[in-house]
1. Which lysines, on any chain, are close to K718 with Cα under 19 Å apart, when same-chain ones fewer than 8 places away are left out?
2. With a cap of 16 neighbouring Cβ atoms within 10 Å, and only residues DSSP puts in a loop, list the GluC sites (Glu not before Pro) found in the stretch 120-180.
3. Rounded to the nearest 500, what is the chain's calculated 222 nm mean residue ellipticity when only DSSP H runs of at least 4 contribute -39500 (n - 2.57) each, over all residues?
4. Kindly flag which residue pairs out of K258/K288; K23/K123; K385/K712; K31/K355 have an alpha-carbon separation exceeding 30 Å in this structure.
5. Antiparallel as a % of all DSSP beta bridges within the chain, to the nearest 5?
6. Check the straight Cα-Cα distances from K541 and name the lysines below 28 Å, setting aside those fewer than 8 residues away within the same chain.
7. Extension gain Q465-N73, at 0.36 nm per residue separation less the Cα-Cα distance, in nm?
8. Rank the residues W70, W743 as a footprinting-exposure proxy: fewest other Cβ atoms within 10 Å of their Cβ go first.
Amino acid sequence: MKGVILAGGKGRRLRPLTCNTPKPMLPLLEKPVLEYNIELLRQHGIREIAITVQYMSTAIKQYFGDGSKWGVNLYYFEDSPPLGTAGSIKQAESFLDETFVVISGDALTDFQLSEGIAFHEQKKRMVTMFVKEVENPLSFGLVVMNKEQEIIRYIEKPSWNEVVSNIVNTGIYIMEPEIFSYIPSMEFSDFSHDVFPLLANKNALFAYLSEDYWLDIGTFDQYRQAQFDLLTKKLKVPIPYTEVLPMVWMGEGVTIGKGTKIHGPSFIGEGAMIGAGAVIEPYSIIGKNSIVSSYSHLQKSIIFANSHIGKNCELLETTIGDHTMVEDDVTLFQKSIVADHCHIGKSTVIKQKGKIWPYKEIDSHSIVGSAGVKEGEKSAGWLQKSRIVGRGNVEITPQFIVKVAMAYGSLFAKGESILIGSQENIETTSFKNLFLHAIHGSGIHTMECKEMNESLFQYAIHNLQCAGGVFVQVESERGIVIQLYGKEGSFLTYKQQKAIEQVYMSESFYYASEKEMGRNKLVHVSVNNYVEAVLERIDIKTIQKQKFHLLINKRNDMLQHLLMIFLQRLGCTVTWIYASEQKDHVKALMKSSKANMALMFSEHGNRFELYDTHSNIYQGTDFEEVDIPDLLLESADNVYPMSLKLGECYLLFYMHNEKNSFQLRWKRDILYRIGKLFELIALQGKTLLSIAEQSPPLYLLYDEVVCSWKEKGKVMRKLLADMERKEEGIFEGIQFKYTEKEWSYIVSDTKQPKILVYSHARNPVIARENMKNLIEKIRQYQKV
């Protein structure tokens, strides 16, 4: 049997440590990550090993050579241009002429490969994937398997909505050469995106669940954790140095000064020097030939080889690259990183998460913030539901806006245009202009529009054929809201949002040349054309016959202008009232004015409450607070699901349109939603209450169950297994279908440690009972 190790990754998320060193060569207790993988293959009798290389491949080849030092034969295959995980292995097809094991070169593991190989030979399938339970599966390929361990669904890097299991792909496989028939030559092909979903449908993919140690090293936290796990013997890998004190390992030629305190677990490399009075706290790692001078204090810090730490320094959970000089009295705070060949002057303070990039010199007495020499990272997850929310100049700063704009620009091709707009006030206009100029630096053109609301803006993206759009507004409760759009005015997909975050975190921006810089163009969007586009999708004549009299609150000039044009065309009479009217006063005004309905709009007009003549108040939702996949709510292209909330129930009315006239972007359009609501009432010739009483709508109940992040995947997996006897759908969350119109749906909340539960039926009693059963199971499985 042969082996192949994928070692071509650039390690963008680990920069600046990977600026001079390829990720597979980063040291773990002085040995490259890749060396542990070679030793693992040899341990299980695999000595013929291919290594696919691309980024800084010379460093790998020079270190390992032909592999004879490790008792193996190494063969290198260049992955140039980058062809993806599957495409790179295709390069070694001529070498891999028998069953072979694939290992990712940036993972640390002690998997019992021999046991997995025996399982593979027993099942006689094309691919066996090593899988493992994890607490947070978002960064991995999610695996759903049946009782025979056959993989029936594969979801790469799911959102919390899609988490239906806590079992993930480890990037370690046993494969037959037949796999190459599914991989094109000299084309980009990825196992997770292109090959595995196809094999899962062909019953050719099996999972071997291992309880052994495995850690994917993709972030700084994971890189540090790998070192600590080696120190604490969490995996079956020997430490080559002598254990001179309990859990303290030292190499040859180490010099220890008088009065030094060293606490395990810790690691001190060959030829290192520890000065008098220095304190080495647990989980400290000092590379060979490095110096820690007198009275310096290390706590959970990692120092690469050949670096010098001066006197009276304090290193708190920091990482220092090789050949770096840190002068006296320097303080480095948690999660700070100093790359290779840097010089940090005396009495400097590097704050939490500060990054110093290679070959930088920091003057004495400097204070380096979290931005470092290059701006630092913001925690992942700041982009949710295609929007960014925060306080102006607190969470949302000019520096942050510039980086977000550059990252958003990475979604588009050079020369494409996006639409940009905002509310017309000083705060939003300033942030809009910042975004506009920054994205020009990515080679993206902008079309700028004035006097907009969200619905009109989404229409304009489609009408002007823009590749995307950015709309900035202020909300009284949430602060600045930056809404990002894709083509046709749709919200960004989860994968697009993750791509933006990844570019933001790695700072791998594209900087256009002077000739490629984006340009701005002011555009006018016709309100009348927009209103006509909405009216084309509504039964105008039927509504006009009703001659509705409406009470509507004044919210903003743009919304009022749109409603006046729209409702006039529908034959409605409008009485305008103040925005802040209390509910009882609205009901009284309805009686005195003899209005059919009242519409009370939210601050920006994207939500409304509808009052009927029976004092019922219906909340018009746009499904933002009810995260149900569209697949559950639409049975055909020409069906529009309209939701009104009455009490605890969401009433779902399914409206029919002309074939193919409904597009997803209209679902959130405020005029379209109101028009379809009036159409429903007009077609029935009854009040909403009468429609609900005589032709019962479908009831949708909703509740939330607290569930810790680390328990979510396990709970979802157990629910899926427990409900196997029922027909179910697995997409974003899990649907349990009891009858055609009776189902329950569970999905993990994307922002909070909660599982959301929905129950749908014609009878609210049945809906409530089904929901109660699921909630009890969710609570029960958290205790297991």
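1. Output for K718: K132, K147, K710, K726, K737, K754, K772, K777, K783.
2. Loop-located and lightly packed - E135, E148.
3. Values: 19 runs with 204 residues, N = 784.
That comes out to -8000 deg cm²/dmol.
4. On the way: K258/K288 20 Å; K23/K123 34 Å; K385/K712 20 Å; K31/K355 24 Å.
Among K258/K288; K23/K123; K385/K712; K31/K355, the Cα-Cα distance tops 30 Å for K23/K123.
5. Roughly 50 percent of the beta bridges in the chain run antiparallel, per DSSP.
6. Within the straight-line limit of under 28 Å, K541 reaches these lysines: K554, K591, K594, K645, K659, K667, K676, K686.
7. On the way: separation 392, 0.36 × 392 = 141.12 nm, distance 5.59 nm.
Separation in residues times 0.36 nm, less the Cα-Cα distance, equals 135.5 nm.
8. W70, W743
Any read-out appearing in this document is the output of simple, stated calculations on the displayed coordinates, not a laboratory observation. It should be emphasised that the depicted structure is a prediction, and the values quoted were computed from it without experimental measurement. Positions of Cβ are backbone-derived with ideal geometry, glycine not excepted, and every protein chain shown enters the neighbour counts.
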